[in-house]
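The values are calculated or read from the model by the stated rules, or taken from the named source; none is laboratory data. Being a predicted model, the structure only gives us computed values, none of them experimental. Cβ: placed from backbone, ideal geometry, glycine included. Neighbour counts: every protein chain shown. Only protein heavy atoms, including side chains, enter the accessible area calculation; ligands, DNA and RNA are left aside. Shrake-Rupley method; radii C 1.70, N 1.55, O 1.52, S 1.80 Å.
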Amino acid sequence: MDEKFLKPYDPSATEARIYAEWEESGYFNPDNLPDADSREPFTIVLPPPNVTGILHLGHAYEDSLQDSVIRFNRMRGKKALWIPGTDSAAIATQARVEKNIQKEEGKSRHDIGREELVKRVGEFARSSEQTILSQVRRMGASLDWSRYAYTLDDTRNTAVFTAFKRMYAAGLIYRGNRIVNWDPKGQTTISDDEIVHEERTATLYTFKYSKDFPIPVATTRLETKVGDVAVAVHPDDPRYKEFVGKTYEVVFCDVPLSIRIVADTEVDPEFGTGALGVTPAHSQIDWDIATRHDLPKDKIVINEYAKMTASGRVAGLKVIEARETVASWLREEGLMVSEESISQNVSTAERTGGIIEPLPKLQWFVGVDTPFAIEHSEIPGIKTGDTTTLKEVMRAAVESGAVSMPQENFKKIYQHWITNLHDWCISRQIWFGHRIPVWYREDEVVCQETAPEGDGWVQDPDVLDTWFSSALWTFSTLGWPEQTDDLRTFHPTSFMSPAYEILPLWVSRMILMSGFHLGQVPFKTVLIHGLVRDSKGQKFSKSLGNGIDPIEMIDRYGADALRMGLLGGAAVGSDVRFDENKVKGYKNFANKLWNITRYVLTETEGADEDAPLTDADQVLRTELDEILTDVTADFENYRMHLAAEKLYHYAWHRLADELIEDSKNVFASEDTAAHASRRALLKSLLADVLSGLHPFMPFVTEEIWKTLKPSAPFLMISPWPVSGSVE
RNA sequence: GGGCGGUUAGCUCAGUUGGUAGAGCAUCUCAUUGACGUUGAGAGGGUCACAGGUUCGAAUCCUGUAUCGCCCACCA
């Protein structure tokens, strides 16, 4: 027997070596699998971690989950492909490099210039990518590294440009002046999804524009009132009916205003005074009202730095200061009716914490309700050539079951989200990322990758929202827009397992892009997983300082133990509470397998594996077959936690505690036929337990396999012990 | 404001189509140089949040309540 079995199992001496052997074997690449051509494809794309990031427990969980699924399918005889990649995470990465430059050189991005900054951010990104990639390897992830993709590499750049151009040509990408969420701190537009609402107390001021103005108005944003053009009331509100249609000239805080009274059903008569001061340029709802009533919308009183541009006493003040200035003026003039403290949700930028200032800006949008004729569609409910909208495509993909969501509740969340979806603002005012491929010269606008012929062309300065490129990920990683073999073979992908917080941000947009560009769904099954939380149920976060480094856990307990600790115990979809003790327990389990092996090897040296089983042993053999059939069904129905627990329980409490104990009696008896049968039985039970556990604990099972079955191929590509359908 | 969940043993959570409540950890008792002390055998511990309903039978299905949480949102 191999001497290593005389000592306890040592993951740190094993894992790196085994991973290197797997990589060398080439089997992570499905093209190299035995009988590759006759295998049915099974594809997962890894949700790309940030190129500058480090592995956290959320990644570790995601990697464990997907690797267990891909390994299961590989053993089931599928052409299993798991594609690795990283995301440039434009805003976060640029912000980080800018900060470094500011700190080390005292320069801002404007001092350095666009070209130089983009170069330096790009270099930083590529220089740090190996960190995250080597950490993913330590998890045991069986990713096909030969197909590694980066959102800013040449193939993906081509995909992004092509996607933009096609959607632009179809009229689905347009440029428009719209109220956007402007982050004055980050100096960029951000999408609705990047906003966090914070509850704060605010003062609701009720005031009149002037002494003879008939309607008092309530607002929390007094400073914006210098930009008002109207007061809106509900058409059925008896208090104000007589004023509708009239226009009043006032001088409000030194600023002359012309205020028209309009009737609009959006106004809630119950709130405040039932009258809304309309500031078209600085509020979405006001913008919409102004649009409906043909009011001027170009009266901008706040700039990108959240400072007042209006004339008079508020000129140049920060919005907060201006608010107080206007309030004092109202009090002095006797125009303030009341001041009331209310709690209000303030929109802040997720990344910078800046308070969002709604501003009208020329931005690029994807129109989700814009009708277009779909060139090609394999999505049920939408026929090739149909006139449809992106929203309809997104809805049909899930409603028809073409994208299946085994968890019904997430399906509801998705549909609800689609219903409330607005046009997607895709331009960002930063420099690092995919630059918008549009060029301007006076009134000419051209969409192409490089400058058109002739002088005077200027490229749009903005870059695309990082989710634009991420949304193409399932097919850009397969070489699209080229019609590659990979694209034909592996798309739609089979399985996607994102965190629930990313359902609207990413999942739905992948469905959108894949639907438009390929007429396909991006994946057949989407299994939403929960968040990994700490032992108190809190989110891991930098500010709480409760982070746990998965690499440290691997150093201490081994990757197998960490994987089991994350997957065991909690159903996919609910949050996982991380418990180091659990991981420790699974380290013990790896050692238990090690010792089972030690016993089996000692007792079965030179045994005949094909010896006939006694009736009693046949019963024990059938017992495991039934468990494995159950486990197979669990896998196929995404009940990984149950599969893992059943195998754990069988290995430890049945095979080790009972069958091995019983075997001691058998071997002590005189019955040589029983000896032979039991030897063969033990070996086959152990082999199948290892097979079953391999998707969860790839390292220790592979290591044992090598000794148990020295002439067999890698366990990683060995057949799953249950063949055929289990349904 | 709209939507979606959770509530089961001291703790963390399972419980697949309704059929006598489970695991791990923790606690307690006992055993043991035997493949493994990273061990084994055993014990205690739950009116499955609450109230109704459907059913021969409900942790599971329905209705309502409480409570905790999450997501979405242009009540100024």
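Restricting the search to helices (runs of 4 or more DSSP H) fully inside segment A:471-570 and requiring at least 2 residues that are in contact with a strand residue (DSSP E or B) (Cβ under 7 Å, 6 or more places away or on another chain) gives A:473-476, A:485-490. The condition (being within 11 Å of RNA strand B (Cβ to nearest atom), crowded, with 18+ Cβ neighbours inside 10 Å, aliphatic (A, V, I, L, M) and assigned to a helix (DSSP H, G or I)) is satisfied by just one residue among A:687, A:680, A:643: A:643.
Scanning segment A:85-101 for residues that are part of a strand (DSSP E or B) and of a type outside the set (D, E, K, R) turns up A:85, A:86.
Which of the residues spanning segment A:397-421 are among the polar types (S, T, N, Q), near RNA strand B (Cβ under 10 Å from one of its atoms), within 21 Å of residue A:572 (Cβ to Cβ) and open to solvent by 30 Å² or more (accessible area, probe 1.4 Å)?
The answer is A:409, A:415.
Taking segment A:161-255 as the region of interest, the strands (runs of 3 or more DSSP E) fully inside it that hold 1 or more residues being charged (D, E, K, R) and away from RNA strand B (no atom under 11 Å from the Cβ) are A:173-183, A:247-252. Condition check for residue A:616 on (1) surrounded by 17 or more Cβ atoms within 10 Å (Cβ to Cβ); (2) more than 13 Å from RNA strand B (Cβ to nearest atom): one failure, at (1). In segment A:422-473, what residues are aromatic (Phe, Trp, Tyr), open to solvent by 20 Å² or more (accessible area, probe 1.4 Å) and under 16 Å from residue A:165 (Cα atoms)? Hits for segment A:422-473 are A:439, A:440. Residue A:557 fulfils the conditions (1) touching a residue at least 40 places away in the same chain (Cβ under 8 Å); (2) within 10 Å of RNA strand B (Cβ to nearest atom); (3) under 26 Å from residue A:369 (Cβ atoms) except for a single criterion, (3). It is to be established whether one or more residues within segment A:602-621 are under 26 Å from residue A:140 (Cβ atoms) and either β-branched (Val, Ile, Thr) or in contact with a Phe, Trp or Tyr (Cβ under 8 Å, 6 or more places away or on another chain) (or both). No: segment A:602-621 contains no residue that is under 26 Å from residue A:140 (Cβ atoms) and either β-branched (Val, Ile, Thr) or in contact with a Phe, Trp or Tyr (Cβ under 8 Å, 6 or more places away or on another chain) (or both). Checking the structure you have, find out if any residue of segment A:522-530 is modelled with pLDDT under 85, touching an Asp or Glu at 6+ places or on another chain (Cβ under 6 Å) and buried (at least 18 other Cβ atoms within 10 Å of the Cβ). Scanning segment A:522-530, I find at least one residue that is modelled with pLDDT under 85, touching an Asp or Glu at 6+ places or on another chain (Cβ under 6 Å) and buried (at least 18 other Cβ atoms within 10 Å of the Cβ), so the answer is yes.
Taking the criterion of being surrounded by fewer than 20 Cβ atoms within 10 Å (Cβ to Cβ), under 20 Å from residue A:287 (Cα atoms) and in contact with a helix residue (DSSP H, G or I) (Cβ under 8 Å, 6 or more places away or on another chain), the only residue of segment A:184-220 that qualifies is A:191.
When segment A:304-319 is limited to residues that are touching a residue at least 40 places away in the same chain (Cβ under 8 Å) and under 37 Å from the mean Cα position of the chain (by Cα), the one that is most open to solvent (accessible area, probe 1.4 Å) turns out to be A:305. When the residues of segment A:73-96 are filtered to those that are among the β-branched types (Val, Ile, Thr) and open to solvent by less than 10 Å² (accessible area, probe 1.4 Å), the one that is nearest to residue A:130 (Cα to Cα) is A:86.
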